[in-house]
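Written out below as structure tokens is the structure these notes cover.
The values are calculated or read from the model by the stated rules, or taken from the named source; none is laboratory data. Note that the structure is a prediction, hence the values are computed from the model and not measured. Heads up, the Cβs are rebuilt from the backbone with ideal geometry, glycines too, and the neighbour counts pull from every protein chain shown. Each accessible area value is taken on the protein alone, full model and side chains, heavy atoms only, with ligands, DNA and RNA left out. Shrake-Rupley method; radii C 1.70, N 1.55, O 1.52, S 1.80 Å.
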Amino acid sequence: MPIITGTAHWAKVVGDPKPGYDGNSREWSIDVAIDDKTVEFFKEEGLSKRIKNKGDDKGDFVTFKRKEFKFDGETKNQPIRVVDHQKNPWPEDKLIGNGSKVAVNFGVNDTRYGLHPSILALQVIELVEYEGGDQEDFGSFNDDGTAEVWT
């Protein structure tokens, strides 16, 4: 089972699974920005289709996911095992923010869609704690429930 290191983005690996991008399922997921050496490793392993790049400062990255339910749709998957830099279990009340340094332990599944990296465990090496969005960005509401409009 390979282990890679990189920079975490959009980590949804703590606590209950979150709604997936397909809108029909729930999952745990994380984008991990990777360096050139790891890009080469993924290519050598036949996983080049799993490398993404949106042209932003994140650069090359891989999305790791685990669905809430196994392929049969009835059996629940275990949450992703998340540990700190000393391999202690990760507290469910501490979210992992963008820019955190992580190590990902994963396997490779051969599916009808090709090879797919499947996350087994995540180690947070250096935490950038997620603090949530800035509520002030959205203004406020009037007593009657209408939004206050900025001009």
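For the chain, the per residue solvent-accessible surface stands at 68 Å², with DNA, RNA and ligands left out and a 1.4 Å probe.
Site-free segments of the chain were taken between chymotrypsin sites (Phe, Trp or Tyr not before Pro) in DSSP loops having at most 15 other Cβ atoms within 10 Å, sites themselves excluded; the longest one is 22-70.
Given the C-alpha centroids of the range 1-57 and the range 73-137, what is the distance between them in whole angstrom? Using only Cα atoms, the two centres lie 10 Å from each other. Charge tally around Trp10: other residues with Cβ under 13 Å, Lys/Arg +1 each, Asp/Glu -1 each, net +3. Mean-square fluctuations from a GNM of the chain, with a 10 angstrom spring cutoff on Cα atoms, peak among Lys52, Lys76, Lys18 at Lys76.
Per atom type, the range 1-142 shows carbon and sulfur on 48% of its accessible surface, probed at 1.4 Å.
Taking Cβ atoms as reference points and 15 Å as the exclusive limit, the residues near Phe41 contribute a net charge of -2, counting Lys and Arg as +1 and Asp and Glu as -1. Which one of Glu68, Glu27, Glu131 has the biggest mean-square fluctuation once the chain is modelled by GNM with Cα springs under 10 Å? Ranking Glu68, Glu27, Glu131 by mean-square fluctuation puts Glu131 first. Given a cut-off of 26 Å, name the pairs among Lys49/Lys87; Lys54/Lys76; Lys58/Lys94; Lys18/Lys101; Lys52/Lys76 whose C-alpha atoms lie farther apart than that in the structure shown. Checking Cα-Cα distances, Lys49/Lys87; Lys54/Lys76; Lys52/Lys76 exceed 26 Å. Remark on the range 6-115: Rg and Dmax equal 14.5, 39 Å (Cα only).
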